[in-house]
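Here the structure comes first, spelled out in structure tokens, and everything after it is commentary.
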Amino acid sequence: MSQETPILELQHVDKNFGPIEVLNDICLKMHAGEVLCLLGDNGAGKSTLIKLLAGVYVPTRGKVLMDGKQVHFERPRDAQEAGISTVHQFGGTFPLMSIGRSFFVGVEPTKGWGIFKRFDRRTANVIAVKAVQDFGITRIDDGDRLVGGLSGGERQSLAIARAVHFGARVLILDEPTAALGVKQASHVLRIVNEARKRGLAVIFITHQVMHPLAVGDRFAVLIRGRLAADFLKGEKSREEITDLMAGGEDMAELEAEISGNGENLHSSAHVRAPQTE
Amino acid sequence: MNGFSFGHFIRRPEFGSLLSLVAVIAFYVIFGHVNLERLFGAASWVNFAANLGIVALPVGLLMIAGELDISIGAMIPAGSMSIAILSGYYDLPIAVGIIGALGFGVLVGLVNGFLAVRTTVPSLIITLGTLVAVQGIVLAGSVLLTGAASVPLDAPVWAKTIFGQLFHGNYQVIIIWWIGLTAVFAFVLHATHYGNWIFAMGGDEESARNAGIPTNRLKITLFVLSSTSASFVGMCGAILFNSAQVSGGMNYIFNTIVSIVVGGVLLTGGFGSIIGIFFGALTFAIVNQGIYFTDIDRNWSNLIIGVMLLSAVLLNNTFRLIALSFVPKKRK
């Protein structure tokens, strides 16, 4: 898989905000049909990295390549036109708009001419509902329903279906499962799997470990703006990854400290893997 | 999609405003012994609603888009003074006065819009600033130019016919403008893609911008629309009454906001309808002017408006929740 040209590649990318170095010498490759999990603690630079890819920030140094050719994204629009689509934690959708309307925000289908050109609600609803159902969310069958009435997982799914429908080749998912319950999270993971099957490169950003382990092909761990590790599925265990994310030895030390205390055994399990319930 | 049904109707943003309208009329009938024939035959509240409604439409769009414009309070006297000074005091053709009044509206709208786009200051504060500033310009300007705070205007017949005359007794021609503009605004908001942009911007501006919507341009356009509409209402008033004063207009700020909120627009943006704003203005006008047709002392009208505002907001919140949690039944 890694022999072919990656869809998206970062070469020695730095990002500074004034004197503050947020990202330092990042090299990453993203391939079609592959899920890259970007792990890191809060403040490790995950968000900055996403924003670089999404065209919100411009790298201070280094190159961004798409299909082997260097690209410059000045605005989010540029990245979108190149096929990079970002889905945020809450889906980036509009709670008080209908499914059909929010699906087509910015690219509304119209009918009629001149000043009587109007939004084609029927077409919008039909296409939106079909796109979501193709991803296996059959519960959504009325495009007039308001987005805010959907569950968190359904909203994520709607946003992902939207990105895919509008020709995304690289899908950036920013903490897609963070605010979701167990069942809904597995919903989203299934959709991530479906997107991979369709040949998208998926970047899955999270600070949890369980969810990415279920779908990830490749893992990258960010620590304080540096790429601390880059490995394939199965090369490291969950414990090793957790330790890496927490900054290496810190986690083990903390655990020893807590279990030395005896009565706090219960909370130690909680610190270790809060997402295992 | 399934034609008209009550369930569908209840989930529309304007449902609360219709209910308020019915409730207010019922209240007047039961407690005020209102003479419905006289009330519905009277022009006063229709005129009031039309003047208020024309300002409420674009301000409502702004509120759906997540912004607010209170500078309209100064733009109404600004519009009437502009035309009265240009065409009344300086005797320029009325067309120049009209262009001057509307142009001043466009200018203030551009200032509001650019400030809202370029800074992170909330639009309430920005337009509070321009509200006071425009008041200053209008007062100082008219005293400087004409030496008075009130200027007479004698508009030619054609201008009076279009902008300021009475028909059928006491109905102002601006009522026709109100109905026409309501139709245009309803078409734009609910049937075109621009309407979708406005809803999206009010729902989540960041996402809307990321989806490729020119949010800055849209915002500036909406600010221009609202201050120009206010200026238009002032201008029509000056043509109708043959004179203009520097004062007045401040009541419009609260009246429009009440009408819009009663009309089912969410204060934080992203939800609302033009029909709702239309009925909001109508309801407000009936409370405010209809009280003269009842046995109730008119000093109570503000109390009624306050209670109506609060209950309309509560109702609207409830209906919005119903709309959100609505799940269609599985079709056979």
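Derivation of every value follows stated rules applied to the coordinates shown; laboratory data play no part. Note that the structure is a prediction, hence the values are computed from the model and not measured. Glycine also receives a Cβ, built like all others from the backbone with ideal geometry; neighbour counts cover every protein chain displayed.
Summary table
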read-out	value
Ranking of B:I239, B:I54 by count of other Cβ atoms within 10 Å, fewest first	B:I54, B:I239
Whole-number D in µm²/s for chain A (Stokes-Einstein; Kirkwood sum over Cα pairs; 4 °C, 1.567 mPa s)	65
P(r), alpha carbons of region B:6-324 - 20 Å bins starting at zero, rounded %	33, 57, 10, 0
CD proxy at 222 nm, helix term only [per DSSP H run n ≥ 4: -39500 (n - 2.57); per residue of chain B; nearest 500]	-23500 deg cm²/dmol
Fewest-first sequence of A:T123, B:T215 by Cβ atoms within 10 Å of each Cβ	A:T123, B:T215
Cross-link pairs A:K29/A:K233; A:K29/A:K51; A:K69/A:K197 - those with Cα-Cα distance over 18 Å	A:K69/A:K197
Coordinate range along principal axes, alpha carbons of the protein assembly as shown, Å, largest first	87, 57, 55
Cα coordinate range in region A:94-160, projected on the principal axes (Å, largest first)	39, 22, 17
Counting DSSP beta bridges with both ends in the protein assembly as shown, the antiparallel % (nearest 5)	60
Least to most buried among A:D134, A:D144, A:D174 (fewest other Cβ within 10 Å first)	A:D134, A:D144, A:D174
Range in chain B, longest, excluding exposed chymotrypsin sites (Phe, Trp or Tyr not before Pro) [loop by DSSP; at most 16 other beta-carbon atoms within 10 Å]	B:91-325
Cα gyration tensor shape of region A:42-108, rounded if a/c is under 1.5, else prolate or oblate by comparing a/b with b/c	oblate
FRET efficiency, B:T120 to A:R224 (Cβ-Cβ, R0 45 Å, nearest 0.05)	0.90
Sorted peptide list for A:227-237, A:39-49, B:146-156, criterion being average Cβ within 10 angstrom, highest first	A:39-49, B:146-156, A:227-237
